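This report concerns only the one structure given below.
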Amino acid sequence: MSELKVNKISPRSGTDVTLGDSGDTFTLPTGVTLDTSNSTVTLPDSSISLAKLTATGTKDATTFLRGDNTFAEAGGGKILQVVQGTLTSSFSTNSSSFVATGLNVSITPSSTSSKIFVTTSGYLDSQNPGSSIAMEATIYRGATNIGATNGMISAYIESSRNRTNASMSIVDEPSTTSATTYEVYIKADGSTFDYNSQSSKTTIIAMEIGA
């Protein structure tokens, strides 16, 4: 094997130097440092495959390379799952404390950092109270009212019959990966009233949103 020792290689004319011919291989032995920190190195397209990158994390079709040299999935606002519950019967109460209507949905978050967007349809019907009545509705997570003390929907009805929209929406942070139930609760103050009095199809939808 021939050996050439020089301190510098410069073009004889012009500005280009060609090393070898097409098909030749240049090998740098272990321990050799090729310092290009003050130079510009141009590589051909697709010269570095994804498999050769040394970044941490999982390299696949669902991840991207971040600035901190790690592969990660896109996050923030990604809807991970959608589940729905329905109620097709009427529910009546004269309770002055919140009671469950039967309109509920169960969802199992995939991460403790996920948020759950809950939205419901439905209406309150005062029937014929004969006197003034306050009607309120809210959403419970398990045994916890995630609305205010007096709920998320409130209506005050005079003596005649009245129907009031009881659609509600809220973003919850349950901080769990266990099955979680959300349900519509209602209460009355002064008379009996109905939820979904015409037995139409009311819904409650829970969507998991990735952090």
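The values are calculated or read from the model by the stated rules, or taken from the named source; none is laboratory data. Here the structure is a predicted model, which means the values were calculated and not measured. Note: ideal-geometry Cβ built from the backbone for every residue, glycine included; neighbour counts use all protein chains shown.
Would you say T181 is without any contact (Cβ under 8 Å) to a residue 12 or more places away in the chain and β-branched (V, I, T)?
On the way: without any contact (Cβ under 8 Å) to a residue 12 or more places away in the chain: no; β-branched (V, I, T): yes.
Criteria not met by T181.
Please go through (1) modelled with pLDDT under 90; (2) of a type in the set (S, T, Y); (3) within 22 Å of I79 (Cα to Cα) for T176 and return the number of the only condition it doesn't satisfy.
(1)
Name every residue in region 67-115 that is outside any loop (DSSP other than H, G, I, E, B) and on the phi > 0 side of the Ramachandran plot, in order of residue number.
Filtering region 67-115 down to residues outside any loop (DSSP other than H, G, I, E, B) leaves 70-73, 79-87, 91-93, 99-107, 115.
Passing the criteria: only G102.
Taking only region 136-171 into account, find how many residues are modelled with pLDDT of 85 or more and at negative phi. Can you show your working first?
Here is the first cut: in region 136-171, the residues modelled with pLDDT of 85 or more are 136-153, 165-171.
Filter once more, keeping what is at negative phi: 136-141, 143-150, 152-153, 165-171.
The number of residues fulfilling the criteria is 23.
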